[in-house]
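Participant: Please find one structure pasted underneath; my questions will follow.
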Amino acid sequence: DRRKAESQLSQMMSNPIGLVLCFSHLLQHSDIGVASYAAVLIKKLIKPKDTEDVAKVWAEASTEMKDNIKLNCITALFNCKNKSVSRKIATAVNYLIDNIYGEKAKWDDAIKFIVNGFSLPLTPENAITVGNAVFLLSKSFNVIEDDIIGGIDVLVEGFNRFFKEGSIDIKAGSCEAICEILCGYLNKKAKKKFREFIFQMLQTLLECLN
C-alpha cells in the first residue's frame, strides 16, 4: 500500500550512495527507459550544489563504493549504443568527474575515454562515442586540464577530422570544447594550435544558423 511504499522510499533515501550504486548497475539495462531514468537519477544524486566542490553524498562514500560506481558508469558509457541514453550517461559521468577532481583525485579511465574518442575514425559505429568524448571535454576541461594536456596533439588531430568529416552536432560540440580550451591556462604555444580552428568555428556557426 501507499504507506508501505513511502516507508520503503524513506529507507532507500537514507542511503543515497547505495541508490547511486544500484542505479549505476541499471545503466546497461536492456530496457532503454530504465537505463535512461537511472542515468538521470544518478545525475540528480551526485550533482554538487553551487556552494560545494564535492557533493556530500560522494564525499561520504567509501573508496570501494566510489570505484564500483565509476567502473559501472564508464563501462555503460562505452557500451551504450543509444544516442539519447548515452548522452544522459555522459552527463552523469561529467558530474562524477566534478566530484572526483573536487576531491583532488584523478579518474584515468575518463581521461582515456576522451582521448580514445578523439583517436577514433568518424564511422557511423563510432559516432556516439566520439560525440560523448567531445561533450565530456567541453564540460570538464576546466577540471581535467592538467591530466589531459599530454594528449593535446591527439585533440588537435581529432578536431581537424571532426570539422572536415563530422556531423553538425560534433562540429558544434567541437566549437564549445575549443572555447573552453582557449579559456584555460594552456601556454601560448599550445593555445595557438586551437586558435587555428577559429575559421572552422565560424563556418559551423553559420551552418547552425542556416
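The values are calculated or read from the model by the stated rules, or taken from the named source; none is laboratory data. Note that the coordinates shown come from a computational prediction; the quantities given were computed from them, not determined experimentally. Every residue, glycine as well, gets a Cβ built from its backbone with ideal geometry; the counts of neighbours run over all protein chains shown. Each accessible area value is taken on the protein alone, full model and side chains, heavy atoms only, with ligands, DNA and RNA left out. Shrake-Rupley method; radii C 1.70, N 1.55, O 1.52, S 1.80 Å.
Participant: Please find, among LEU209, LEU120, LEU202, the residue that is modelled with pLDDT of 90 or more, surrounded by fewer than 15 Cβ atoms within 10 Å (Cβ to Cβ) and of a type in the set (A, V, I, L, M).
Facilitator: Going through LEU209, LEU120, LEU202 in turn, just one is modelled with pLDDT of 90 or more, surrounded by fewer than 15 Cβ atoms within 10 Å (Cβ to Cβ) and of a type in the set (A, V, I, L, M): LEU202.
Quick grid of which residues meet (1) in a helix (DSSP H, G or I); (2) free of Cβ contacts under 8 Å to residues at least 40 places away in the same chain; (3) of a type in the set (A, V, I, L, M, F, W, C):
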position: VAL54; (1), (2), (3): no, no, yes
position: VAL57; (1), (2), (3): yes, no, yes
position: LYS66; (1), (2), (3): yes, yes, no
position: ALA90; (1), (2), (3): yes, no, yes
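Participant: Which condition number in (1) over 30 Å from ASP53 (Cβ atoms); (2) buried (at least 20 other Cβ atoms within 10 Å of the Cβ); (3) among the hydroxyl-bearing types (Ser, Thr, Tyr) is the one that TYR101 fails?
Facilitator: Checking TYR101 against (1) over 30 Å from ASP53 (Cβ atoms); (2) buried (at least 20 other Cβ atoms within 10 Å of the Cβ); (3) among the hydroxyl-bearing types (Ser, Thr, Tyr), the one that fails is (1).
Participant: While we're looking at this one, here's another question. Do we have SER140 as in contact (Cβ under 8 Å) with a residue 24 or more places away in the chain, over 25 Å from ALA55 (Cβ atoms) and of a type in the set (S, T, N, Q) here?
Facilitator: Spelling it out, it is not the case that SER140 is in contact (Cβ under 8 Å) with a residue 24 or more places away in the chain, over 25 Å from ALA55 (Cβ atoms) and of a type in the set (S, T, N, Q).
Participant: I've got another one for you. So, ILE128, is that one open to solvent by 30 Å² or more (accessible area, probe 1.4 Å), in a helix (DSSP H, G or I) and under 22 Å from SER167 (Cα atoms) or not?
Facilitator: yes
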